[in-house]
Amino acid sequence: MGKFDLYKIDLKNLASGTHNYDFFLENKFFMDIDGDEVQKGKVKVSLMLKRMSQMFEMDFQLQGFVMVPCDRCLDDVEIPIDTQNRLVVKFGKEYAEESDEVVVIPEDESSINLAWFLYEFVALAVPMKHIHPPGKCNKTMSSKLKKHSAGSSDSDDEYGDDTSSDDFNVDDNTSGDIDPRWDTLKGIIDNDNN
């Protein structure tokens with residue numbers, strides 16, 4: 001039995017009407033599929049499949065969570081997943097994706113494997129920015145990030161800790177003195193404007 005045989009549905013031999021399927025995506029699924037976005041998680045998938053002559057409407061409900069690295073501290077952060085997706089499968093001469101929701105599979109193939117579609121639904125539900133709530137980031141990494149940032153005056157909550165910027169050692173050249181090279185560049189701009 002292959003890694004993803006559990007996610008294969010025999011469409012040709014499916015009776016007309018509505019059919020329900022349940023899948024549970026765990027760490028092994030995410031590791032086996034070897035996607036870049038998500039490598040750990042627990043997501044319950046409910047599928048309602050409706051067969052109509054030569055077309056299959058699939059409505060997916062996905063709920064659970066995935067673990068992805070925090071953009072700030074690189075520790076795992078739990079991202080909730082709660083999304084609905086739709087897929088329409090039709091038979092045709094060759095495999096084609098007509099749109100984000102419509103897939104054509106060759107008539108001589110009797111089944112479709114949903115594993116990659118399920119992974120994509122999960123990956124698309126993960127927000128672009130994944131960070132811990134304020135105060136929950138790894139304190140050591142947050143302090144190093146703050147120390148090595150370019151003397152920004154952003155709020156402390158951005159780094160997820162409650163310490164003020166005065167608690168960190170800052171090099172003398174970032175203490176507000178302007179680098180004299182900028183004066184030279186400013187002079188070039190002023191000359192161009194005259």
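Probing with 1.4 Å while keeping every protein chain in the model, the per residue accessible area of the chain equals 66 Å².
Computed in the context of the full set of protein chains, the accessible area of the chain at 1.4 Å probe radius has 49% of its extent on carbon or sulfur. For the pair LEU6 and LYS147, a Förster radius of 30 Å applied to the C-beta separation gives a FRET efficiency near 0.05, rounded to the nearest 0.05. From a point 7 Å beyond the Cα of SER53 in the direction of its Cβ, which residues of region 9-28 have a backbone N at a distance under 20 Å? Label zone hits: 11-19. Counting only DSSP beta bridges with both residues in the chain, what percent are antiparallel, rounded to the nearest 5? Beta bridges within the chain, antiparallel portion: roughly 90 percent.
Along the axis of the charge dipole computed for the chain (Cβ charges of +1 for Lys and Arg, -1 for Asp and Glu, origin at the Cα centre), the listed residues LEU74, ASN13, GLY41 are led at the positive end by ASN13.
Given the alternatives (i) 25.8, 81; (ii) 17.7, 55; (iii) 16.0, 54, Rg and Dmax of the Cα atoms in Å as computed for this entry is given by (i). Which pairs in the list LYS12/LYS50; LYS28/LYS139; LYS28/LYS136; LYS8/LYS28; LYS8/LYS129 are over 21 Å apart, alpha-carbon to alpha-carbon? Violating the 21 Å limit, Cα to Cα: LYS28/LYS139; LYS28/LYS136; LYS8/LYS129. Placing +1 on each Lys and Arg Cβ and -1 on each Asp and Glu Cβ, with no other charges, gives the chain a dipole about its Cα centre of roughly 980 debye.
On full extension, the segment bounded by THR83 and ASN20 gains 20.9 nm, given 0.36 nm per residue less the C-alpha separation. For LEU185, neighbours were defined as the other residues whose beta-carbon sits under 13 Å from its Cβ, and their charges (Lys and Arg +1, Asp and Glu -1) total -2. Taking the charge dipole of region 11-157 about its Cα centre, with +1 at Lys and Arg Cβ atoms and -1 at Asp and Glu Cβ atoms, the residue from PHE117, MET31, HIS132 reaching farthest to the positive side is HIS132.
The values are calculated or read from the model by the stated rules, or taken from the named source; none is laboratory data. Note that the coordinates shown come from a computational prediction; the quantities given were computed from them, not determined experimentally. Methodologically, a virtual Cβ is constructed for each residue, glycine included, from the backbone with ideal geometry; neighbour enumeration extends over all protein chains shown. When the accessible area is computed, the model is the full protein with side chains, heavy atoms only, and any ligands, DNA or RNA have been set aside. Shrake-Rupley method; radii C 1.70, N 1.55, O 1.52, S 1.80 Å.
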